[in-house]
Structures are given as structure tokens and as C-alpha cells.
Amino acid sequence: QVQLVESGGGLVQPGGSLRLSCAASGINFRLYHMGWYRQAPGKQRELVATITSSDITMYADSVKGRFTISRDNAKNMVYLQMNNLELEDTAVYYCNAQRFNRYWGQGTQVTVSS
């Protein structure tokens, strides 16, 4: 059974930082491309950042220079370090694992508010 469990969301002021974590189980983690997506109220789910099995990273333009995705294959973990958070970053953040199939976590809420 594949499980992706996100953690680390919360309430933060503009300019603050959060680190999201995603624990994966039930997959051969090192072979999977991993990603973070987000969905704000009334909007479609959008890609935030991805990291391939070869550690190649990609970011949405809106988060470049502020967010960093990383992975630890020994721990089956993927992380999203979010710095200089903006109001527009408020959303539910989802962890994604993709190879032949695609799997999603349940999401973690990030709220940026003063």
C-alpha cells in the first residue's frame, strides 16, 4: 500500500519560512520522481516544484528563488523549504510521487497571513 504523508504546514506571517516534509512508503522511493503541488481555494491544483530520481529540480516561476525542494532517499523523504512566504502562497500543499503510476498525499495546509 502506497502512502504519502505530508507534515509541516501551519500559519506563518508574510516573509516567514516553513519546511514541509513528505514521508513515502510502499514504493521504491529512489526510482520515483517526487513533487509538491498546491491548491488554493477556488483555484486548480498547480505544480510548485519537482525533483527527479536523478535529483534534477524544477520550480514554478512564482516560487523560484524562495522555495527549495530536496529528497533523502535513505529516509524515503522529500522536503520543501519555503522562505520569504507571500500571501499568495496560501494553499493546501500536496506531495506527489510519479513513475508508472501517480500517487498523492492527503495535503497539508499552509496559511500566510498577517
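Structure notes:
- Computed with every protein chain present, the accessible area of Lys43 is close to 140 Å² [probe 1.4 Å].
- Surface share of carbon and sulfur [accessible, 1.4 angstrom probe, percent] for segment 54-114: 46
- Solvent-accessible heavy-atom area per residue, rounded to whole Å², over the chain at 1.4 Å: 54
- Put simply, when 1-7, 15-21 are sorted by average Cβ atoms within 10 angstrom per residue, most first, you get 15-21, 1-7.
- Exposure of Cys22 as accessible area (Å², to 10), given a probe of 1.4 Å and all protein chains: 0
The values are calculated or read from the model by the stated rules, or taken from the named source; none is laboratory data. Computed from a prediction, not measured in an experiment: that's the story for all the values here. Virtual Cβ from ideal backbone geometry, glycine too; neighbours counted across all protein chains shown. Note: accessible area is taken over every heavy atom of the protein model, side chains too, but ligands, DNA and RNA are not part of it. Shrake-Rupley method; radii C 1.70, N 1.55, O 1.52, S 1.80 Å.
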